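Here the structure is laid out as structure tokens; the discussion comes afterwards.
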Amino acid sequence: MLEARDVRKSFNGFAAIGGVSLTVPERGITALIGPNGAGKSTLFNLLTGHLRADAGTVSLQGRDITAAAPHAICRLEPHVSNSPTRDASDCRSCPP
């Protein structure tokens, strides 16, 4: 599960993301829609470690990844559910 709680990011005093919270369940699909300049790409970059949040937390499978670099997030040991149809081979590998 991916969770973001009260995530905030500003650039030169402009609030690009102002307190966003969301939960994406394991194996869930979530859409993020909005007009140009709404902060969609900024939020995605915060969730993936390409930008650092000014405030709030981001966690993946219960692990705090708020300040983690993208390559560190990618290298986290995958969580494998108890589902018989899913195993570690379902997870994408990271480049070295």
### Task
Report the full-extension gain for the segment residue 21 to residue 74: residue separation times 0.36 nm, less the Cα-Cα distance, to one decimal in nm.
16.9 nm
### Inter-centroid distance (Cα atoms) of the stretch 60-75 relative to the stretch 1-58, Å
14 Å
### Query
Tell me, what are the semi-axes, in whole angstrom and largest first, of the equivalent ellipsoid of the stretch 2-90 as set by the roots of 5 times the Cα gyration tensor eigenvalues?
26, 15, 11
#### Entry: Total formal charge among the other residues, if their Cβ is under 12 angstrom from that of residue 8, Lys/Arg +1 and Asp/Glu -1
+1
### Query
Listed highest first by mean packing, meaning other Cβ atoms within 10 Å per residue, what order do 26-39, 63-76 come in?
63-76, 26-39
#### Entry: residue 31 paired with residue 14, simple spin-label distance in nm, labels 7 Å along Cα-to-beta-carbon
2.7 nm
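Throughout, read-outs are computed from the coordinates displayed, never taken from laboratory work. Computed from a prediction, not measured in an experiment: that's the story for all the values here. Using ideal geometry, Cβ is built from the backbone for each residue, glycine included, and neighbour counts are taken over all protein chains shown.
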